[in-house]
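The values are calculated or read from the model by the stated rules, or taken from the named source; none is laboratory data. Source: prediction; values computed, not measured. Cβ atoms come from the backbone with ideal geometry, glycine included; neighbour counts cover every protein chain shown.
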Amino acid sequence: ISMVQQVRLQDIIYDKADGEGVAKITINRPEKRNAFRPETIEEIMRCMTDARDDPEIGVIVLTGAGTKAFCSGGDQGVRGEGGYVGPDKVPRLNVLDLQVQIRRMPKPVIAMVAGYAVGGGNILQMMCDITIAADNAVFGQTGPKVGSFDAGYGSTQMARLVGQKKAREIWFLARLYTAQQALDMGLINTVVPLEKLQEETIVWCREILRNSPTALRVLKAALNAAEDGQAGLQELGGNATLLFYQTPEGNEGRQAYLEKRRPDFSKFSRFP
Ligand code: 2NE
């Protein structure tokens, strides 16, 4: 039996089970359909950083408490002029930082969606590498109805997932879509009965965890790089450095510097 470590923060729950390799971040504001406020995002980002740094963790699951919602986007009750306002009274759109953090996370992030994934909540599931949805899931953008939009990843990533025509429909009409419709348009990866959602997510996590972590990390960086321009190449390039630092050739340079001698790279082959 693995020990579950659970940390309950103000707006989220963070779970890690010993030896399982999975970290789970649950937005815990079910009375607001798991809408996020600045504190929610700050807490998620803190746990994402912990999961990234923890060598035991190979997959991160992002989800919402209860079965009614994954996340209903920004909490309109704390929306001020210029962003969402927390205890420090500063208006923030820090969900954009979380989107980037998920994008750059060198481990797969899975969205486990029951109920509504709308507005900024739909964008969060789009930023995840894989989305597993329950058959009661509902997806869509409400921004144009409530005077909001995401003209960053919320638009560009959506168009890449579902195509330009469909992305324009989703944003311009602000309709809601069933899990099956979302699957058919390429917005998510699979739909399962609600009562099987956790079980199916664990199956996907375990399959991923059996695979080479380095292969997964470089593949994610490569899939990002094709879309992310200079930032994407920086991420992919960082992986090349990480691998090079593990080679005798890379270490010859460091060793020579420390020994105050000229490096001898002659023994390393020039591959065709
Ligand atoms: C999610 C949805 C469709 C659910 O409908 P339903 O009927 O199941 O629940 P209900 O009764 O609407 O909601 C239950 C409680 O949750 C609150 C509601 O106000 C309600 O509170 P009480 O009346 O019981 O006190 N609630 C739900 N979503 C909330 C939210 N986002 N903010 C604050 N309170 C919320 C339905 O609730 C809905 O349409 N919600 C609003 C979705 C929305 O417009 N989200 C914001 C989009 S903009 C955004 O996320 C964004 C962006 O575009 C760019 C940057 C950053 C963020």
Exercise for the section: Within the range 54-80, count every residue that is within 30 Å of SER212 (Cα to Cα) and within 15 Å of the chain's Cα centre (by Cα). Expected result: 9
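Suppose we filter the range 60-104 for residues that are of a type in the set (Lys, Arg) and in contact with a Lys or Arg (Cβ under 7 Å, 6 or more places away or on another chain); how many remain? Lay out the reasoning, then the answer.
In the first step, residues of the range 60-104 are kept if they are of a type in the set (Lys, Arg); the result is 68, 79, 89, 92, 103-104.
Imposing the further condition that a residue be in contact with a Lys or Arg (Cβ under 7 Å, 6 or more places away or on another chain) reduces the set to 68.
Number of matching residues: 1.
State all residues of the range 102-118 that are part of a helix (DSSP H, G or I) and either within 15 Å of the ligand (Cβ to nearest atom) or free of Cβ contacts under 8 Å to residues at least 12 places away in the same chain (or both); if no residue qualifies, say none.
Of all residues in the range 102-118, those part of a helix (DSSP H, G or I) come to 102-104.
The answer is ILE102, and nothing else.
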Practice task
State which residue is farthest from GLY77 (Cα to Cα) when the search covers only the range 16-32 and only residues that are surrounded by fewer than 21 Cβ atoms within 10 Å (Cβ to Cβ) and within 14 Å of the ligand (Cβ to nearest atom).
Solution key: ASN28
Problem - Tabulated pairs, the range 56-74, first farther than 23 Å from LEU96 by Cβ, second in a loop (DSSP other than H, G, I, E, B) and away from the ligand (no atom under 15 Å from the Cβ), C-beta under 7 angstrom, 6+ apart or interchain - result: GLU56/GLY21; ILE57/GLY21; ILE57/LYS107; GLY58/GLY21; GLY58/LYS107; VAL59/GLY21; VAL59/LYS107; VAL59/PRO108
Fill in the blank from the handout: Note: among GLY121, GLY143, GLY83, just one is in contact with a Leu (Cβ under 7 Å, 6 or more places away or on another chain) and within 14 Å of the ligand (Cβ to nearest atom), namely GLY83
Handout entry: helices (runs of 4 or more DSSP H) contained entirely in the range 124-236, each with at least 1 residues that are touching a strand residue (DSSP E or B) at 6+ places or on another chain (Cβ under 6 Å) and surrounded by 13 or more Cβ atoms within 10 Å (Cβ to Cβ)
Key = 179-184, 197-209
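If we keep just the residues of the range 68-101 that are of a type in the set (D, E, K, R) and part of a loop (DSSP other than H, G, I, E, B), which is surrounded by the most Cβ atoms within 10 Å (Cβ to Cβ)? Give the derivation first.
Step one: of the range 68-101, the residues of a type in the set (D, E, K, R) are 68, 75, 79, 81, 88-89, 92, 97.
Retained after the next criterion (residues that are part of a loop (DSSP other than H, G, I, E, B)): 68, 75, 81, 88-89.
Numbers: LYS68: 16, ASP75: 21, GLU81: 6, ASP88: 9, LYS89: 7.
The residue in question is ASP75.
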Exercise for the section: Run down LEU161, LEU96, LEU176 and say which single residue is out of contact with any His (no Cβ under 8 Å at 6 or more places or on another chain) and away from the ligand (no atom under 13 Å from the Cβ). Expected result: LEU161
Exercise for the section: Would you confirm whether any residue within the range 146-153 is in contact (Cβ under 8 Å) with a residue 40 or more places away in the chain and away from the ligand (no atom under 15 Å from the Cβ)? Expected result: no
Practice task
May I ask you to verify whether ALA35 is small (Gly, Ala, Ser), closer than 21 Å to GLU195 by Cα, surrounded by 15 or more Cβ atoms within 10 Å (Cβ to Cβ) and in contact with a Cys (Cβ under 8 Å, 6 or more places away or on another chain)?
Solution key: no
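Give ARG33, ARG37 a once-over and let me know the one that is among the charged types (D, E, K, R), in contact with an Asp or Glu (Cβ under 7 Å, 6 or more places away or on another chain) and modelled with pLDDT of 95 or more.
Values: ARG33 fails: in contact with an Asp or Glu (Cβ under 7 Å, 6 or more places away or on another chain).
Within the list ARG33, ARG37, the selection yields ARG37.
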Handout entry: Positions within the range 185-228 being closer than 30 Å to PHE244 by Cβ and either of a type in the set (Asp, Glu) or modelled with pLDDT under 95 (or both), in sequence order
Key = GLU207, ALA226, GLU227, ASP228
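Among the listed residues LEU194, LEU187, LEU173, identify the single one that is of a type in the set (A, V, I, L, M, F, W, C), more than 15 Å from GLY64 (Cα to Cα) and touching a residue at least 24 places away in the same chain (Cβ under 8 Å).
Values: LEU194 fails: more than 15 Å from GLY64 (Cα to Cα); LEU173 fails: touching a residue at least 24 places away in the same chain (Cβ under 8 Å).
Only one candidate qualifies: LEU187.
Count, please, the residues in the range 33-57 that happen to be assigned to a helix (DSSP H, G or I) and more than 16 Å from the ligand (Cβ to nearest atom). Spell out how you get there, then give the answer.
Within the range 33-57, the subset assigned to a helix (DSSP H, G or I) is 38-53.
Of the ones still in play, those that are also more than 16 Å from the ligand (Cβ to nearest atom) are 43, 46-53.
Residues in the range 33-57 being assigned to a helix (DSSP H, G or I) and more than 16 Å from the ligand (Cβ to nearest atom): 9 in total.
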